[in-house]
Amino acid sequence: MLKFALSSLIICIFSYGHAVAQASKIDSTGMVTLRIDPNSARGAAVSQFFDEVIFTPLETTKESLFGSINSLKIAGDNYVIYDWETKAVLIFTKAGKYVAKINANKIEKDPKVKDQSFYGFNIKKEDGQVLIEISSGKQIYYFDLTAKLVKKVPIVKDKQKDYTNYKKFSDGTIIDQAFLEESGKDSIYYNVSILKDGKRVESYFPYRTADHKGDERWHGGRVYDYGNPDEYLFVKNFYYNIYKLTAKKLSLAYRILFPASNSLPMDYDTNPIYKGKGYDYYEKNRDVFYDLANSYLHFNNLYFQVRNWNWSRDEKKAFIYNLKTTELTSIADIEPDSTSQFLPITDLASQYDFTNKGFHIVTPECFYTSYSSLTLFTAKEQNEDKNRKYNAALTEYFKTQNKKSNPIIIQLKPKKF
């Protein structure tokens with residue numbers, strides 16, 4: 001029987017010990033401990049978790065060809081995509097028809113700015129119009145959904161933050177993941193803060209920049225939106241805790257205990273002997289999980305991923321844990337069936353899109369992910385001797401496209417249990 005380690009997440013439930021700032025108290029009264037052994041995860045059929053799977057190939061033309069989907073958002077009846085490789089924002093209809101593209105050619109050249117690349121976008125509604133917001137150089141550009149420039153405004157760099165595109169609750173309360181508190185000679189930041197009407201309500205996990213000087217490890221955290229306007233999930237690097245964040249407080253919801261072989265030392269985040277030596281530690285301890293990621297809650301199913309230095313495709317790193325039955329499912333081992341036209345719903349078995357990005361969008365009704373045409377054509381080839389039948393859209397796609405065509409968006413409608 002495996003021995004489970006009390007990992008470093010058990011420490012720092014209430015405050016960040018090495019910082020002197022007064023952080024808000026984390027509510028742990030409803031905490032549930034989950035003992036999880038990744039090796040015990042089982043497989044399942046697609047139909048056990050999803051009622052419907054929709055594949056949307058994105059139209060491939062000379063103008064629309066791109067590498068992979070680094071960011072996906074829905075704007076009206078369109079998919080809006082950012083591709084890191086081509087440094088472009090592309091707009092497609094929900095049927096996959098190419099509409100337009102925003103790249104460097106759409107950005108006004110400023111001779112005073114050396115690098116005018118942009119690395120993402122936001123969706124903004126203004127006067128009833130949906131706009132794509134892009135920051136480049138010293139300007140913020142606003143485009144409509146046909147890639148037409150609507151306006152540009154200068155970036156004003158002062159102490160007043162623009163919270164327009166920050167994650168918000170239904171009442172307008174804002175989540176700030178880099179709130180700065182001035183305190184004498186030292187500046188104290190917080191990994192997560194709740195702001196109401198411009199004023200701080202609560203703050204958690206304080207640190208000074210000097211605390212991490214000379215340390216290549218990232219000590220931050222991530223907030224995950226799973227379609228609940230009044231609740232988000234939060235995870236912090238090096239801890240196996242999953243928190244629930246509301247407009248009023250941060251609560252420790254789930255504490256995960258992994259086997260000792262997968263767990264960081266209890267003092268990994270705070271002990272100076274690890275400072276500046278994180279990569280060396282990971283290299284020597286390749287099975288240890290240094291990060292939780294892509295955590296979402298859907299009814300009784302808790303989705304999450306783990307990361308370590310082991311890149312074996314046989315290793316299980318993406319999971320669905322049923323809070324009611326305690327069953328653990330490996331997403332990589334979800335087998336295609338008739339619900340998915342006998343095609344895979346992720347590329348965990350062959351490529352790295354899902355490993356790196358997880359689900360692009362999670363709502364109570366649908367999950368969205370993506371993978372390459374290479375993955376889809378490879379799956380089709382594996383089905384050749386099984387006489388599989390595909391719907392009209394995929395039949396046309398397989399006739400006219402190839403392994404180098406644009407990526408595929410996969411829309412999953414999860415069962416509600």
**OP:** Find the all-direction average of the projected area of the Cα convex hull for the stretch 65-215, expressing the result in square nanometres with one decimal place.
**Re:** 12.1 nm²
**OP:** Quick one: net charge around SER68, please, counting Lys, Arg +1 and Asp, Glu -1 for every other residue with C-beta under 12 Å from its C-beta.
**Re:** -3
Subject >> Dimensionless Rg/Rh of the chain - Kirkwood Rh, Rg from C-alpha atoms >> reply: 0.97
Original post:
At 37 °C and 0.692 mPa s, what whole-number value in µm²/s does Stokes-Einstein give for the translational diffusion of the stretch 150-218, with Rh from the Kirkwood sum over Cα pairs?
Top reply: 235 µm²/s
Original post:
Among all the aspartates and glutamates, which ones have a C-alpha under 14 Å from LYS73's C-alpha, if same-chain residues fewer than 8 places away are not counted?
Top reply: ASP83, GLU133, ASP225
**OP:** List the relative contact order of the stretch 269-311 as a percent without decimals, with contacts defined as Cα pairs under 8 Å and 6+ residues apart.
**Re:** 35 percent
**OP:** Starting at the first residue of the stretch 198-206, write each ³J(HN,Hα) from the Karplus equation 6.51 cos²θ - 1.76 cosθ + 1.60 with θ = phi - 60°, in whole Hz, x for Gly and Pro.
**Re:** x, 10, 6, 9, 9, 9, 9, 6, x
Subject >> the chain: calculated mean residue ellipticity at 222 nm from DSSP helix runs of at least 4, using -39500 (n - 2.57) >> reply: -2000 deg cm²/dmol
**OP:** Using DSSP to define loop residues, name the chymotrypsin sites (Phe, Trp or Tyr not before Pro) in the stretch 109-191 whose beta-carbon has at most 16 other beta-carbon atoms within 10 Å.
**Re:** TYR119, TYR163, TYR166
Subject >> Loop-resident sites, the stretch 282-335, for trypsin sites (Lys or Arg not before Pro), counting at most 14 other Cβ within 10 Å (DSSP) >> reply: ARG286, ARG313, LYS324
Original post:
How much net charge surrounds ALA45 when only the other residues with a Cβ under 9 Å from the Cβ of ALA45 are counted, with Lys and Arg +1 and Asp and Glu -1?
Top reply: -2
**OP:** Excluding GLN177 itself, calculate the net charge of residues whose Cβ lies under 9 Å from the Cβ of GLN177, where each Lys or Arg counts +1 and each Asp or Glu counts -1.
**Re:** +1
Subject >> Rg in Å to one decimal, and Dmax rounded to a whole Å, for the stretch 307-417 via C-alpha atoms >> reply: 14.9, 46
Original post:
What are the trypsin sites (Lys or Arg not before Pro) within the stretch 15-119 that DSSP puts in a loop, where the Cβ has at most 10 other Cβ atoms within 10 Å?
Top reply: LYS62, LYS109, LYS112, LYS114
Original post:
Which value does Rg/Rh take for the stretch 183-280 over its C-alpha atoms, Rh per Kirkwood?
Top reply: 1.00
**OP:** Using the structure shown, list the pairs from LYS168/LYS248; LYS87/LYS277; LYS112/LYS167; LYS87/LYS148; LYS167/LYS248; LYS109/LYS148 with a Cα-Cα distance above 22 Å, or answer none.
**Re:** LYS87/LYS277; LYS112/LYS167
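The numbers here are math on the coordinates, done by the rules we state, and not lab data. Source: prediction; values computed, not measured. Using ideal geometry, Cβ is built from the backbone for each residue, glycine included, and neighbour counts are taken over all protein chains shown.
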